[in-house]
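Enquirer: Pasting a structure here, questions to come.
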Amino acid sequence: MSTQIPGSVVDSSLIRLALKSWPEVDDYLKVCKAVIIPIGSTEQHGPTGAIGTDALTAEAVALEVGRRTGVLVTPVQAFGMAEHHLGFSGTMSLQPSTLLGVMHDLVLSLASHGFERIFVINGHGGNIAIAKAAFAQSYSSAVTRGLPGAVNLRCRLANWFMAGPVFREARELYGESEGQHATPSEIALTLHLEPSLIDKQRPLPKPAPAGAIHGPDDFRRRHPDGRMGSNPYLAKPEHGAIFLEKASLALSEELISFMMSP
Ligand code: NI
C-alpha cells in the first residue's frame, strides 16, 4: 500500500471520497486499500458549546490525517450514540443498535469494494463500545457474505481526544478543568475551526462533577447545564490549532502502522 511521505501534505480536495468518481476510487484501490471514516455526534456541549462539536472535530482531524497520509476520507458520520444527552434541546441520537447497524453497513460497503484497512476517527466517547461491536459484527459478516478480502479486513478505532499528546496537552493547559464532557480541548478545536463560535464563550459557574451515566433525565439532573466537570471558558482558538496538529500527527503515525500491519 502506498502513502504520501509523512509531512508531505496534500490538498484536502485530493483525499475526500465525496469528491471522487468511481473510476478514481478503482484507481486508488490499486495502490492503497485504506480509508478513514470520521464519526462524531450531534449533541449538547454545555451552554456555550456547539451541538456539532464531536462531528466538527472528528471530521477536521480526519481530513488533516488524510492530507498528511494521502488516505481517502469518507463523509463524516455526524450522528452517534447520545441517548444520555437527549434531555437537552438540539441533541440528535442514534440508539446503540442503530449505530451498530450503521457502522456495520458502512464498513461492509467499503469492504465489498476491496478496502481492507478501515480507520475510524472518533470524536465521541459514547461511540466507542458500539464501534468496536460493529467491527466484530463486520468481520463475521464479511466471511458470511464471501467477500474476497474478508480474511484481510481490519478495522481500527482512533479516538482523537484520547491520543497521548492531546491528552497530555489538555492536562497541561487545563488541569482538572478539562473534565469529561464539553471539555475545553474539544471546544478549543471548534473555536479554531469556526471563529464565529468564539462569541458564545462566557464565564460559567463551577460545573457538576463527572459521574456515572444513565438515562437522559438522570443525566440532566446530575449535570444541569450539560457539562461534566469541565470549564470550556478556558478554551482558546490557538489551543485548538495545537490540538489539531498533535492529534493529526499522532493519528497519522497510528494509521501508517495500521496500514503496514499484517
Ligand atoms: Ni464532545
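Readers should treat all values here as calculations from the given coordinates under stated rules, not as data from a laboratory. Predicted model, so just to flag it, every value in this text is computed and none were measured. Neighbour counts are summed over all protein chains in view; Cβ atoms, including those assigned to glycine, are modelled from backbone coordinates with ideal geometry.
Enquirer: Residue under question is residue 150, and the condition is that it be more than 16 Å from the ligand (Cβ to nearest atom), more than 26 Å from residue 221 (Cα to Cα) and surrounded by fewer than 23 Cβ atoms within 10 Å (Cβ to Cβ); does it hold?
Expert: In short, yes.
Enquirer: Could I ask something else about it? Considering region 53-85 alone, what residues qualify as being out of contact with any Phe, Trp or Tyr (no Cβ under 6 Å at 6 or more places or on another chain), assigned to a helix (DSSP H, G or I) and within 16 Å of the ligand (Cβ to nearest atom)?
Expert: Residues satisfying the conditions are 53, 54, 55, 56, 57, 58, 59, 60, 62, 83, 85.
Enquirer: Which residues, taken from region 132-186, are small (Gly, Ala, Ser) and over 21 Å from the mean Cα position of the chain (by Cα)?
Expert: Result: 140, 141, 142, 146, 149, 150, 175, 177.
Enquirer: Here are some conditions: (1) in a helix (DSSP H, G or I); (2) out of contact with any Phe, Trp or Tyr (no Cβ under 8 Å at 6 or more places or on another chain). Residue 89 meets all but one. Which one does it not meet?
Expert: Failed condition: (1).
Enquirer: Filter region 161-200 down to residues that are more than 14 Å from the ligand (Cβ to nearest atom) and without any contact (Cβ under 8 Å) to a residue 12 or more places away in the chain and give me whichever is surrounded by the most Cβ atoms within 10 Å (Cβ to Cβ).
Expert: The extreme case among them is 167.
Enquirer: In region 114-159, what count of residues is obtained for those that are touching a residue at least 60 places away in the same chain (Cβ under 8 Å), closer than 23 Å to residue 243 by Cα and part of a helix (DSSP H, G or I)?
Expert: 2
Enquirer: Picking from 78, 58, which residue would you name as being of a type outside the set (S, T, N, Q) and crowded, with 20+ Cβ neighbours inside 10 Å?
Expert: 58
Enquirer: Here's another thing I want to ask about it. Would you mind finding the one in 225, 217 that is over 22 Å from the mean Cα position of the chain (by Cα) and surrounded by 15 or more Cβ atoms within 10 Å (Cβ to Cβ)?
Expert: 225
Enquirer: Show the residue pairs that are 6+ apart or on different chains and have beta-carbon atoms under 8 Å apart, the first residue being within region 45-63 and of a type in the set (D, E, K, R), the second being assigned to a helix (DSSP H, G or I).
Expert: 54/186
Enquirer: Mind listing whichever residues of region 35-55 are under 27 Å from residue 108 (Cβ atoms) and among the aliphatic types (A, V, I, L, M)?
Expert: 35, 36, 37, 39, 55
Enquirer: Could you run through region 25-50 and say how many residues are in contact with a strand residue (DSSP E or B) (Cβ under 6 Å, 6 or more places away or on another chain) and within 15 Å of the ligand (Cβ to nearest atom)?
Expert: 3
Enquirer: For residues that are over 20 Å from residue 134 (Cβ atoms), in contact with a strand residue (DSSP E or B) (Cβ under 9 Å, 6 or more places away or on another chain) and away from the ligand (no atom under 12 Å from the Cβ), tally how many sit in region 89-105.
Expert: Going through region 89-105 one residue at a time, the tally reaches 1.
Enquirer: Residue 214 - would you say it is touching a His at 6+ places or on another chain (Cβ under 8 Å), farther than 26 Å from residue 59 by Cβ and not hydroxyl-bearing (Ser, Thr, Tyr)?
Expert: It is true that residue 214 is touching a His at 6+ places or on another chain (Cβ under 8 Å), farther than 26 Å from residue 59 by Cβ and not hydroxyl-bearing (Ser, Thr, Tyr).
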